Structure formats: C-alpha cells, structure tokens
Amino acid sequence: MASRARVRAPELIGKGGWLNTGDKDLTLSDLRGRIVVLDFWTFCCVNCLHVLDELRELEERHRDTVVIIGVHSPKFVHEAEHQAVVDAVERYGVEHPVLDDPELATWKQYAVRAWPTLVVIDPEGYVVAQHAGEGHAHALAKLVEELEAEHGAKGTLRRGDGPYVPPEPVATDLRFPGKAVRLPGGTFLVSDTTRHQLVELAADGEQVLRRIGSGERGLTPDSFNEPQGLALLPDGTVAVADTVNHALRVFDPATGALETVAGTGKQWWQGSPTSGPAREVALSSPWDLAWWQDRLWIAMAGVHQLWTYDPATGTVEVAAGTTNEGLVDGPAAEAWFAQPSGLAAAGDRLWVADSETSAVRWVERAEGGDGYVVRTAVGTGLFDFGHRDGPADQALLQHPLGVTALPDGSVAVADTYNHALRRYDPASGEVTTLATDLREPSAAVLAEDDIVVVESARHRLTRLRLPEEAVRVESVAHRTQRAATEVTPGALRLEVVFQAPAGQKLDTRYGPSTRLLVSATPPELLAEGEGAGTDLARDLVLADGVTEGVLHVSAMAASCDDAPDIEYPACHVHQQDWGVPVEVVDGGVARLGLVLAGLDAE
C-alpha cells in the first residue's frame, strides 16, 4: 500500500455534544483500532443528504471495522439549535454517532471549507484522506478495504460493535411530514417522509384514514424512500416526488395503485442525459411538484434545476437552471438556482421556493412566448438570510421550503427555519408575516377560508385562519458565519487538489475529464479569472478597492477504473461547490488550495 502523510487527527469537540451514543461522549482514543470516517454535514444541504445515502452501504458492509461520525457543522442560525440537529438526525435516518458542533470548532480543526467533506482516519489515529463533495463512495470502499488489510496484518485493527446507540422511537401519527395535497373529496394526502409512506387524513387533518406503502425504504409497488412533493394531476391521480429513490411515482387514490413513471432509481450525475424517455433518464432528489402549462414541473433540488415531465409523451427534460448553485435571473437556460424545494402554480407564473438562497422566485413565459425566464421576488444570494418584513428587495427569509398561491394573487411562504408563515404580495411588493411559532413549516395547502400548514417538526398539520392583518415581528438579519480566509491583494493562485483514488485514473481519451467554474460575490471582487475552464488550477486577480467577498468555486473530476483485469471499467464522478469567504489584507496568502479528493491542502 502506498505511503501516506502521517498527520495526527485532531480531537473531536463540539459544544452541542453527542447524539446516537446513549449520552456517552466519544473521543478519538475510544475509536483507536477502528477506521473512522468523519462526515462534515449540515442538514439544509442536499449534497450532504446525498452523502448520507452514499454511506449507508459502506456502513452496513463494514460495520465491524468502520465507525462513521457525523460532524454537524451549521450554515443557518436555525441549524445551530441543538433540538433542530436532534430532529434532523431522526428525520434523515442517521444510524451513526453525530457530534453537534454549532461553533464549527472541529470544522476549523480539520480545515474544512465545504459541505459535505469526508475525512478518513486510520486505526492508529492518523488522517489518511480527505474528500469534498459527492461521488466518493467507490473510492472510500476501496480505501477501507486497503486499510483493513494493512492494519489487520499489523495487528492494529480492532473489530467489534460500534458506538452507535439508536434513540427510542416516538409514537406519532406522522413523523416529519414533508408536503401535502388536498384531494377532491376534502381529505388530505401527506408525504410521511421519515416513515417512507403516504398517509391520507380526514378533512379535519387529524384522523388517519389509511397508509400507503410498507414503511420500508425501497422502489417497489409498495414502498417509497423519503417521499416529499405531491401534485394532483388532471386525471385525479397524484404525482409523488420519491426523493431518495430519485424517481417520480403516480398514486391512484381510487384504486391504491402505485406506478413509477420517471427516473431510474439512480442519482443523476454530470454527463448523464437531461432529456428523453422518462424511465431511462436519471433524476436527482426531486423535492416538489406542480402541474403548470400542461406539464408536471419538478423542483430538482439535487442539481439546482427545474425539470418537466410530460405524461402525454412519457418524457422528461430540463426546463430551467444550469446545475450551478446560486441566484442568477434571466433566460431559463442561463438561470441559477440553489436547491429549489417548493413549487406553486398561479396563472401565468410558477412560484419557486429556492431554499439555499432563502429566496422566492418565479418562472414565466418570455416576452413573445418563446421560452421561459426566471425572476426573483425576495432574496439576494447564498449567504444572507434572516426574518425581516417590508419591501421585497429588503425582506429576508431563512431557508423556505414551500410556496402556496393564495386567492388574492399573493403567495404564502413556508419560511421553514424562521418557523413562520410569510406572505409576498406582488401588487404591493411587500413581505409580511402571517403566523409565527410554527415548527419547521415545510408546505401549506388551502382549505376553504383556512390554510393548512405542514408543521414538519411538530409532526402534524396545523389549520390557520387566513389573517387579514400581518403579525408584527422584530427584524433580524444574518450572514453565514464562517471564518474568512485572508488573501493578499492582486494575484491569487487557486488550486483544486484532485488525486484519483487507488486503481483509478483520469480518463482523457475523449477530452478533458475535469471542470472548474469560478465566480464571486460581489462580482466586482474578481478583476480576472471568472468563468469556466477545464484546468483545476487558475490564476485569479482580485480587484483594487474590494476588501471582502465570497469566491464561488465549482469543480468536477471523472476518474475511471484502471486495473488491467477489468473488462468494462466504470467511471466515477466527483464534484463539489465551495463558497469561500475571503478578506483582502496585506500579508494574506497568495495561494488558495481546495481539496476535491486527496490529502489535505493548505
């Protein structure tokens, strides 16, 4: 096995304490003899949720040698609340110990720069690899096998049960419901996300009439995997965003039949088809659905896009977004989204809750009717959020997951991390607060003169009378708090480190297999170096007079199996987006290193 840099792993510390350990605090010495994988994640991040799913097979296959530790490192203020982390661990079925690190102490110790990041520690307590982003499951599995062989031979590998202690289950009719739709008969169909089911409730929103699905994860005629969005189709059936199955299903309330109509069950990766027969094209974490302009529109949270499904032709295609994460308006093909998670059709507009930019946006026909354009009503970008009412260009939200079209032409917003129901009125351009003291509202549906809110973290539907007046709240503004990197004025060398995993190589037979995209907030921060290219290193020039900002870096690399005995080598895509806060100061660093895969970079 190739020699590795001997870097001792820093201790695991976090003010929030430990979850899934039976109230025991863990230290690295407790884990000596085991292969430890640290997963730096935050529960708002869909890429982090993808990695949780990627790790499940590794966790099961190597349960006696590998200990996965989730290090929860918050982006939003709400994510620093301990109870919110407790809820997220249950919501997403995390079956390993989690360290709640609200002050990013361990994040800083390991010099992490992005969600998600994986760090591998060998049985002797040394860091041997770091991977940012998604798509590293294959490389991790191979590295684990190598470490098992090496340390088994040395006698430094300790097998046995891990430190995971499952929490006691809680009996409620719903468990972290995601979305709801009102059926023609007045009942409610709810996606009971954590229990992998749909539940039909009576018109009172409380009495359970029936459950749909076995409750086990799966893609069968009797199973779901963390379903979210629901949309009533013209024929009376209900489309279901089967999120972790990366599929669209159609449920017939009359017969109970469940059919898969789109998706392969595998996650979409860069280079995969973006249109074609719906059952042959991969999807990526579809989160919500809406019927609009004779199509089913899909909030494809996993790739920051909107797609459509046409039942008449049985095809899917990208409708808006580039897969780049951010807030950019304009022609649909050029717009940027950041984890769109809620949709609502209202006449000539399709409203979008763009969660990671804390924004409400909309899609409409371009002037002349040729194509679509994307516009923003509320929100400024990835790093500014809060709870502020007033003119839309000054208002702030915090990670909204749902939008609902109201009869007067305004839009109700499930302002999830503010625990509030907000309202945007296009006529006045004002944002107001309709209700507070909700708990992680994720969607809402109309029922006569009431609005029924999916109060996800209280595991229930909550009926509210649509108020005529807004609720007064104190204005609060936040910016994502992460330590800025001090960089020197002028020239800055950006290098993304990618080391192909053992047994793989970059495949350049058909051209470059890497991609790098760089931009900045504010855009004036970069005098030179913005844009796309194939080299993972780039010389940037920071503009005079701009003293701080955020560098947005998106990198992708594809590596293929290189063993001579493999007849049909598989290729693996590794990708990650970084938002790196920088402060321009004399004496700052002239090189910025980001690790996509390999050992740590300075």
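With axes computed from alpha carbons, what is the tilt in degrees of helix 82-91 against the longest principal axis of the chain, rounded to the nearest 10 within 0 to 90? Between helix and principal axis, roughly 80 degrees. Here the contact order of the chain, divided by its residue count and restricted to Cα pairs under 8 Å and six or more residues apart, works out to 10 percent.
Roughly how many debye, to the nearest 20, is the charge dipole of the chain about its Cα centre, given +1 on each Lys and Arg Cβ, -1 on each Asp and Glu Cβ, and no other charges?
Working: 50 positive and 89 negative charges, 167 e Å.
Charge dipole of the chain: 800 debye, to the nearest 20.
Computed from point charges on the beta carbon alone (+1 for Lys and Arg, -1 for Asp and Glu), the dipole magnitude for the range 1-169 about its Cα centre is near 680 Debye.
Please find the FRET efficiency linking Ala447 to Ala427, where r is the Cβ-Cβ separation and R0 is fixed at 22 Å, and quote it to the nearest 0.05.
On the way: r = 24 Å, r/R0 = 1.09.
The value I calculate is 0.35.
Mind checking which of Thr488, Met556, Leu525 is farthest towards the positive end of the range 484-602's charge dipole, using Cβ charges of +1 (Lys, Arg) and -1 (Asp, Glu) about the Cα centre? Toward the positive end, the furthest listed residue is Met556.
Here the Debye sum runs over all C-alpha atoms of the range 484-602 as equal scatterers in vacuum, and log10 of I(q)/I(0) at q = 0.12, 0.15, 0.17, 0.22 Å⁻¹ comes out as -0.48, -0.68, -0.81, -1.18.
If you stretched the chain out fully between Glu60 and Arg365, how much longer would it get, using 0.36 nm times the residue separation minus the C-alpha to C-alpha distance? Can you show the working numbers first?
Numbers: separation 305, 0.36 × 305 = 109.80 nm, distance 4.81 nm.
Additional length available on full extension: 105.0 nm.
For a straight C-alpha distance cut-off of 12 angstrom, the aspartates and glutamates reachable from Lys154 (same-chain residues fewer than eight places away being disregarded) are Glu124.
Net charge of the neighbourhood of Arg8, taken over other residues with C-beta under 11 Å away and scored Lys/Arg +1, Asp/Glu -1, is -2.
Dipole orientation for the range 453-504: of the candidates Leu461, Gly503, Val476, Leu461 has the Cα lying most toward the positive pole (charges on Cβ; Lys, Arg +1; Asp, Glu -1).
Using the Kirkwood radius over Cα pairs, work out the Stokes-Einstein diffusion coefficient for the range 278-343 at 37 °C and 0.692 mPa s, in µm²/s as a whole number. Don't jump to the answer; show the numbers that get you there.
Details: Rh = 11.8 Å.
It comes out at roughly 279 µm²/s.
Dipole magnitude for the range 251-400: computed about the Cα centre from +1 point charges on Lys and Arg Cβ and -1 point charges on Asp and Glu Cβ, it is near 220 debye. Ordering Ala344, Ala262, Leu140 by Cα displacement along the dipole of the chain toward the positive end leaves Leu140 in first place; charges were set at the Cβ atoms of Lys, Arg (+1) and Asp, Glu (-1). The calculated FRET efficiency for the pair Ser272 and Asp329, based on their C-beta separation and a Förster distance of 25 Å, comes to about 0.40. Working from Cα pairs under 8 Å separated by at least six residues, relative contact order for the range 1-143 is 38 percent.
For Lys24, a cut-off of 28 angstrom between C-alpha atoms picks up these lysines, skipping any fewer than 8 places away in its own chain: Lys15, Lys75, Lys108. The alpha-carbon atoms of the chain define a convex hull whose volume equals 162 cubic angstrom per residue. Note on Lys179: lysines with a C-alpha under 23 Å away, same-chain residues under 8 apart excluded, are Lys266. Taking 0.36 nm per residue of sequence separation and removing the Cα-Cα distance, the Leu183/Ser214 pair yields an extension gain of 9.0 nm. Judged by a Cβ-Cβ distance under 4.7 Å, the unpaired cysteines of the chain are Cys44. Arg279 label point, 7 Å along Cα→Cβ, cut-off 17 Å on backbone N: hits in the range 208-233? Counting backbone N atoms under 17 Å from the label point, the list is 219-223. In whole angstrom, note down how far apart the Cα centers of the range 415-483 and the range 17-34 are. After rounding, the separation between the Cα centres reads 38 Å. For Arg591 and Ala527, the difference between the fully extended length at 0.36 nm per residue and the C-alpha to C-alpha distance is 21.4 nm. FRET efficiency for the Glu317 to Thr547 pair, using the beta carbon distance and R₀ = 51 Å, is estimated at 0.70. The distance from the alpha carbon centre of the range 176-204 to that of the range 99-116 is 37 Å, rounded to a whole number.
Extents of the range 181-283, taken as max minus min of Cα coordinates on every principal axis and listed largest first, are 47, 29, 20 Å. Computed per residue of the chain from DSSP H runs no shorter than four, each worth -39500 (n - 2.57), the mean residue ellipticity at 222 nm is -2500 deg cm²/dmol.
Each Lys or Arg adds one and each Asp or Glu takes one away; over the other residues whose Cβ falls under 11 Å from the Cβ of Glu530, this sums to -1.
Residue by residue, the range 584-594 carries 3J(HN,Hα) couplings of 8, 9, 5, x, x, 6, 9, 9, 10, x, 10 Hz when phi is fed to the Karplus relation 6.51 cos²θ - 1.76 cosθ + 1.60 (θ = phi - 60°); x denotes Gly or Pro. Taking every C-alpha pair closer than 8 Å and separated by at least 6 residues, the mean separation divided by the residue count of the range 173-320 gives a relative contact order of 14 percent. Quick check: the distance between the Cα centres of the range 134-169 and the range 342-368, to the nearest angstrom? Answer, in whole Å: 44.
Coordinate-derived values only; no laboratory data. This is a predicted model, so every value here is computed, not measured. When we count neighbours, we look across all protein chains shown, and the Cβ atoms used for this are built from the backbone with ideal geometry, even at glycine.
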